[in-house]
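K.L.:
One structure is given below, represented as structure tokens, and several questions about it will come after.
The values are calculated or read from the model by the stated rules, or taken from the named source; none is laboratory data. Just so it is clear, the model here is predicted, and its values are computed rather than measured. Please note: Cβ atoms are built from the backbone with ideal geometry, for glycine as well, and neighbour counts cover all protein chains shown. Accessible surface is based on the protein model in full, side chains and every heavy atom, while ligands, DNA and RNA are left aside. Shrake-Rupley method; radii C 1.70, N 1.55, O 1.52, S 1.80 Å.
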Amino acid sequence: IPAENIRNFSIIAHIDHGKSTLADRLLELTNTISSRGSNKQVLDKLKVERERGITVKAQTVSMFYKYKGKNYLLNLIDTPGHVDFSYEVSRSLAACQGTLLLVDAAQGIQAQTVANFYLAYGQGLEIIPVLNKIDLPGAEPDRVLKQIQSAFEVDTSSILKISAKTGINIESVLPSVIEKIPCPKGSMTKPFRALLFDSWYDKYVGVVCMLGVVDGTIRKGDKVVSAYSDTRYEVTEVGIMHPEQLPTGYLHSGQVGYIVCGMKTASEAHIGDTFHHIGKKVEALPGFQPAQSMVFAGIFPVDTNDFKKMDDSIKKLTLNDASVSVHKETSNALGQGWRLGFLGTLHMDVFRQRLENEYEANIIVTQPTVPYRIVYKDGTTKTIRNPSEFPDGDERAARVSRLQEPMVLATMIFPDEYMGKMIELCGTRRGEQREYVYVDEKRVMMKYILPLAEVVTDFYDELKGRSSGYATFDYEEAGYEDSELVKMTVLLNSKPVDALSVILHRSQVDLVGRDWVKRLKGVIQRQLFDVVIQTALGTKIVARETISALRKNVTAKCYGGDVSRKMKLLQKQKEGKKRMKMIGNVELPQKAFYDFMDNN
Ligand code: GDP
Ligand code: MG
């Protein structure tokens, strides 16, 4: 198929506006999947994605379509909608020339609609706005059309109005893609050059790389080189996703498809890398910034005997997700574990859920930390990802000049009646207002500079809670700012529990300190002795609670009685203990760690 009959496009939208549903309809329309198949949302492959209804990894699929007597090859690249994965969105967009900007006709434009629009706009893509869910009784297409006009200043005169669910106007989508989106602009005769834009680990063939071929042709058996690492590979398989891997023997200029070339781990596949033939030096394509971990947490097995098994599980999962950074960590409270870095808290939760689901591991996650920065008096800096690296009093006085924390620019969209509550929320999170505008008569878009640390905990839940679910939110990085940071520790009967330490802004110590001792009191069982729970800054106690002793003897009630029943009870108690961590002589349940933050 000549390049002028190829279109590479994606669908971008706020979460739940219908990307995956539209993708399914397009796959059915082009007979890529059967329309009677009950296997809905074929692009959402992972189990967590099905359970949570979100798309985590972008999936690409090639479709064949006949239009005005010509055969077209249409490559659809599905993108995740959530803020944590904007990195995935931008890399998928790099392989496209255009995108469908899908907007729910009842909900109107939302924070991620805005963020995704600017990502696509910044990459120079042709953007086709599409109103979805026009079948809904609450749909207000005219109002949403005005929002799109005022927010993005795009031409909406011929806007598509569809229902991905019921199929209304679905047949108008692909003709519009063909007419409006330019074909890829490579050359068939120049030496082979391709952009690596995604990869995953397949348990049968190893690492699979997705390429957007810019110039020339790649064939099975070719020897190729990575421009980034200069490593050589032999192509053992090449093909398109239709919707599963379909070998074709070659990919040429303008096509998007996969290759298998003997890579051992996903970390060998550098997203944004350029591939070319051996001995045929080409100019590297503009690459990407590598994904930055913005949230770090300690992860530990509940049962220390599971360390090896968990190590294997983590290795397997990171084979498939190179955006997770992994370092070993040892904690006095929790033993051996790992410090993992994630793109955001959803990314972290998804990873935890995968670990639990796919490998049946019972795990403890510590309170997440953002990357803080230490600026030394000699001008050097260091980024710390663990409260244990926080400088103590002496080091601080002698060497440290300032401490800094990462900031974000947050975009929020909500009905204007929630304005007061949103401003109050951002105020308590140390936010600073940058801008607010009305996107229509009733809806406000507000921008704030906020510390990332304030955003990664429960900000999103608070935002939803205070706006009856109507506010939406997205953010981008906005550099580092000086901050008065301190480290708060938790003591159980005077013993520090390192895994419960946190770095906080000074203004929040009292509140958080008091809150934590209360919450810990709520999850720690009474023991045979008094348990004193304290939070402290260095040697200064912030707050204190005591759990008074309890005489608890589970076998007492059946003395003299049935021995086997007694054994059973003892066994049960022992198993219960396995799920506990001992801090000195105090039993600390799994819930005392990250879980107690959201389950309060
Ligand atoms: P995504 O998060 O953008 O991928 O959204 P999904 O495709 O998963 O859709 C989210 C929800 O909206 C699902 O429950 C869909 O069934 C529903 N949905 C999608 N398109 C339509 C539509 O055109 N009309 C209606 N009524 N519901 C839709
Ligand atoms: Mg989806």
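K.L.:
If you scan the stretch 239-265, which residues turn out to be assigned to a strand (DSSP E or B) and among the hydroxyl-bearing types (Ser, Thr, Tyr)?
P.N.:
Result: Tyr250, Tyr258.
K.L.:
Then there's this: With the stretch 325-366 as the region, which strands (runs of 3 or more DSSP E) entirely inside it contain at least 1 residues that are of a type in the set (Lys, Arg)?
P.N.:
Of the strands (runs of 3 or more DSSP E) lying wholly inside the stretch 325-366, those with at least 1 residues that are of a type in the set (Lys, Arg) span 325-331, 335-342.
K.L.:
Evaluate the stretch 338-351: report whether one residue or more is surrounded by fewer than 21 Cβ atoms within 10 Å (Cβ to Cβ), over 15 Å from Ser293 (Cβ atoms) and acidic (Asp, Glu).
P.N.:
no
K.L.:
In the stretch 203-219, what count of residues is obtained for those that are in a loop (DSSP other than H, G, I, E, B) and out of contact with any Pro (no Cβ under 7 Å at 6 or more places or on another chain)? Quick ask: steps written out before the conclusion?
P.N.:
Keep residues of the stretch 203-219 that are in a loop (DSSP other than H, G, I, E, B), which gives 203-205, 216.
Adding the requirement that they be out of contact with any Pro (no Cβ under 7 Å at 6 or more places or on another chain) leaves 203-205.
Here the count works out to 3.
K.L.:
Related question: Six or more apart or on different chains, Cβ under 8 Å: which pairs go from a residue in the stretch 445-457 that's among the hydroxyl-bearing types (Ser, Thr, Tyr) to one that's open to solvent by 10 Å² or more (accessible area, probe 1.4 Å)? Could you list them?
P.N.:
Cβ pairs passing all conditions: Tyr448/Leu409; Tyr448/Gly431; Tyr448/Glu432; Tyr448/Gln433; Tyr448/Arg434; Thr457/Thr345; Thr457/Pro368; Thr457/Met597.
K.L.:
Of all residues in the stretch 192-211 being farther than 17 Å from Pro247 by Cα and aliphatic (A, V, I, L, M), which is most open to solvent (accessible area, probe 1.4 Å)?
P.N.:
Only one residue tops the list, namely Leu195.
Quick grid of which residues meet (1) assigned to a helix (DSSP H, G or I); (2) surrounded by fewer than 19 Cβ atoms within 10 Å (Cβ to Cβ); (3) touching a Cys at 6+ places or on another chain (Cβ under 8 Å); (4) modelled with pLDDT under 95:
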| position | (1), (2), (3), (4) |
| --- | --- |
| Val103 | no, no, no, no |
| Ile109 | no, no, no, yes |
| Gln112 | yes, no, no, yes |
| Ala115 | yes, no, no, yes |
| Ala120 | yes, no, no, yes |
| Gly124 | no, yes, no, yes |
| Leu131 | no, no, no, no |
| Ile134 | no, no, no, no |
| Pro137 | no, yes, no, no |
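K.L.:
Are there strands (runs of 3 or more DSSP E) fully within the stretch 389-476 with at least 3 residues that are out of contact with any strand residue (DSSP E or B) (no Cβ under 8 Å at 6 or more places or on another chain) and charged (D, E, K, R)? List them.
P.N.:
none
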